[in-house]
Amino acid sequence: MAAKRGKFILFEGLDRSGKSTQTRLLLNAIRQRGKQAEQLSFPDRKTLIGKLIGDYLRGSSKPASSEGKDKIQIENSETLVDEKSKDIKQTENESVLDDKAIHLLFSANRWEKQTLMRKLLDSGVDLVVDRYIYSGIAFSCAKGMDFDWCKAPDVGLIAPDLVVFLNVNIEESTAREGFGSERYETRQFQSLVLKQFQKLEKMAVPQSSNHSLDVVSQQPLWITINASQSIDSISKSVISYYNSLQDKSPGDYFIFK
Ligand code: ADP
Ligand code: DGP
Ligand code: NA
Ligand code: NA
């Protein structure tokens, strides 16, 4: 074990808000100082669970219930209803179950990386992460799912030291290269997701006005950065927030509550 554990910095934001770009730049900046850092992205599409998630995301932007291949077939336990109402009931159940099932897969994909994340942090390696718990809540709640239900499967995960929310305006992110290629990438859905991120932002510990993050806190610090600025100026502020993070000992993490 190292004397000090690594720091856990998380980038969150809408699709094409610049998370991958900023993840890479922060990773490089940390490594340039001779400190070890690793990148993780969620969903991690390389695992078995991640492959299911990848299939789902590459599927159509229609609701999951409208195509057979996305369905998770369930047995209807109520056998005494007539055939027609049974069909309707089953269709309704499937569409609700699909959203919940995919939500749990995203969460499981975070859980399957916990041992690795803990090991890296405890051995002094910084983690720079592209999406995590907050995307999990924001994207599912944007579908109208219950907040507490969505939060529950992630409770107990290691939480980041710092959340950097890249706040981009939708006109801009939806015009960026590559937008529209996957399931959630419609202007309408992104604006619903943005509302959810704004709710999460209100619940988080606000950034202190003097730019110092040395407050004693029981939960991650959240900073919101205007992601319409230049790539370079965003990166500069991220690095200065990174620099002001407190050192912690191995095993001393925030736990998501
Ligand atoms: P995300 O990982 O959030 O989906 P990316 O980092 O892949 O976003 O960025 C999406 C696109 O926008 C890329 O083409 C990238 O070069 C560009 N981009 C990223 N940050 C900015 C910025 N601050 N201003 C303009 N374009 C940007
Ligand atoms: P990308 O970050 O580009 O690999 O895209 C992943 C997509 O999946 C993006 O639209 C955000 C969404 N997403 C990420 N995490 C979760 C999650 O936990 N739950 C749900 N429902 N969607 C998520
Ligand atoms: Na995406
Ligand atoms: Na990304």
Inset, instruction - Distance from a point 7 Å along Cα→Cβ of residue 186 to each backbone N in the stretch 141-172: keep the residues under 18 Å and list them by number. - result: 141-145, 170-171
Legend entry - Accessible surface ranking that places the most exposed of 203, 145, 117 first, with a 1.4 angstrom probe: 203, 145, 117
Legend entry - Net charge of neighbours whose Cβ lies under 14 Å from the Cβ of residue 201, counting Lys and Arg as +1 and Asp and Glu as -1: +2
Legend entry - For residue 159, distant residues with modelled amide H under 5 Å away: 254, 255, 256
Legend entry - Local electrostatic count at residue 36 - Lys and Arg +1, Asp and Glu -1, tallied over other residues with Cβ under 14 Å: +4
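What net charge is computed for the residues neighbouring residue 179, neighbours being all others with C-beta under 12 Å from the C-beta of residue 179, Lys and Arg scored +1, Asp and Glu -1? Numbers along the way, then the final one.
Working: positive: 16, 176, 187; negative: 15, 171, 172, 177, 182, 185.
Taking every Cβ under 12 Å from that of residue 179, the sum is -3.
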Legend entry - Amide hydrogen neighbours beyond the local backbone of residue 222, cut-off 5 Å, H modeled: 163, 205, 207
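Starting from 0.36 nm per residue, how many nanometres of slack lie between residue 116 and residue 48 once their C-alpha separation is accounted for?
Numbers: separation 68, 0.36 × 68 = 24.48 nm, distance 1.62 nm.
Gain on stretching residue 116 to residue 48: 22.9 nm.
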Legend entry - Amide H within-cut-off set for residue 38, under 5 Å, with H built and near neighbours excluded: 126, 127, 128
Inset, instruction - Once you have the Cα-Cα distance between residue 195 and residue 236, take 0.36 nm times their residue separation minus that, and quote the gain in nm to one decimal. - result: 12.1 nm
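What trypsin sites (Lys or Arg not before Pro) in the stretch 103-211 are in a loop by DSSP, with at most 15 other Cβ atoms within 10 Å of the Cβ?
Working: sites: 110, 113, 118, 119, 131, 143, 151, 176, 183, 187, 195, 199, 202; in loops: 113, 131, 143, 176, 183.
Those satisfying the criteria are 176.
The values are calculated or read from the model by the stated rules, or taken from the named source; none is laboratory data. Note that the coordinates shown come from a computational prediction; the quantities given were computed from them, not determined experimentally. Heads up, the Cβs are rebuilt from the backbone with ideal geometry, glycines too, and the neighbour counts pull from every protein chain shown. Accessible surface areas use protein heavy atoms only, side chains included; no ligands, DNA or RNA. Shrake-Rupley method; radii C 1.70, N 1.55, O 1.52, S 1.80 Å.
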